[in-house]
1. Please pick out the residue among 49, 87, 73 that is part of a loop (DSSP other than H, G, I, E, B) and in contact with a helix residue (DSSP H, G or I) (Cβ under 9 Å, 6 or more places away or on another chain).
2. Could you list all residues from region 91-142 that are more than 28 Å from residue 78 (Cα to Cα) and among the hydroxyl-bearing types (Ser, Thr, Tyr)?
3. Specify which of the listed residues (92, 25) is farther than 25 Å from residue 157 by Cβ, small (Gly, Ala, Ser) and in a loop (DSSP other than H, G, I, E, B).
4. Show the residue pairs meeting these rules: Cβ distance below 6 Å; 6+ apart or different chains; first residue within region 73-96 and not assigned by TED's automatic domain parsing to the domain that holds residue 19; second residue surrounded by fewer than 14 Cβ atoms within 10 Å (Cβ to Cβ) and in a loop (DSSP other than H, G, I, E, B).
5. When you check residue 96 against the structure, is it modelled with pLDDT of 95 or more, touching a strand residue (DSSP E or B) at 6+ places or on another chain (Cβ under 7 Å) and over 16 Å from residue 22 (Cβ atoms), yes or no?
6. Which one of these does residue 65 not meet: (1) touching a residue at least 24 places away in the same chain (Cβ under 8 Å); (2) farther than 23 Å from residue 31 by Cβ?
7. Which pairs turn up if I take residues in region 26-52 that are within 17 Å of residue 129 (Cβ to Cβ) and assigned by TED's automatic domain parsing to the domain that holds residue 72 and look for partners that are part of a helix (DSSP H, G or I) and among the hydroxyl-bearing types (Ser, Thr, Tyr) with beta carbon separation below 6 Å, at least 6 apart in sequence or on another chain?
8. Report every pair of residues separated by at least 6 positions or lying on different chains whose Cβ atoms are under 9 Å apart, first residue within region 139-160 and touching a residue at least 60 places away in the same chain (Cβ under 8 Å), second of a type in the set (A, V, I, L, M) and in a strand (DSSP E or B).
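The values are calculated or read from the model by the stated rules, or taken from the named source; none is laboratory data. Values in this document were obtained by computation on a predicted structure and should not be read as measured data. Virtual Cβ from ideal backbone geometry, glycine too; neighbours counted across all protein chains shown.
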Amino acid sequence: MSVAFTKEDSAETASETLLPDRPISPHPNLVTAAGLRALESQLLQAREAYEAAQKIEDVNERRRQAATPLRDARYLAARVRTAQVVADPASSDIVAFGSKVTFSRDDGRIQTYRIVGEDEADPKAGSISFVSPVARSLMGKAVGDVVGVSGQELEIMAIA
């Protein structure tokens, strides 16, 4: 069949199906073992969503529904492929990747975060990326050490 007889995509549909790739961090892709399992699970879900979208008969709707899972699958496949699993710290003497750190802020707030990979970081759930300013300031420090971050002082109270 000639291309002249195929249904043209509207500009809106074309823009919905040509999603830009998710940016890949320039930092090493360090992950915890749980973080790698989460990436693999998300990749599987993205592939399943893409396969489900491929079953849609309407070509424009199929493209629309497949765009996000396809983009996510490309990103997640790259992240799984480049993942460097870091074992849990052998000691809780100093803050390291995988450590759970409790610190106090100048304003009296006490916070606890686990230092993890970029894709598994979720501050609301108690984890921050190892490349975040707070994590970078805390890494290599011990209980009782005080570090400055964004004009505030943080005192390390516990490391687990």
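1. 87
2. 91, 92, 102, 104, 112, 137
3. Just one listed residue meets the conditions, 25.
4. Short answer, once both residue conditions are applied: 92/160; 94/140.
5. No.
6. It fails just one condition, (1).
7. That search, which allows pairs on different chains as well, returns 29/82.
8. 156/101; 156/142; 156/146; 156/147; 159/94; 159/101; 159/142; 160/101
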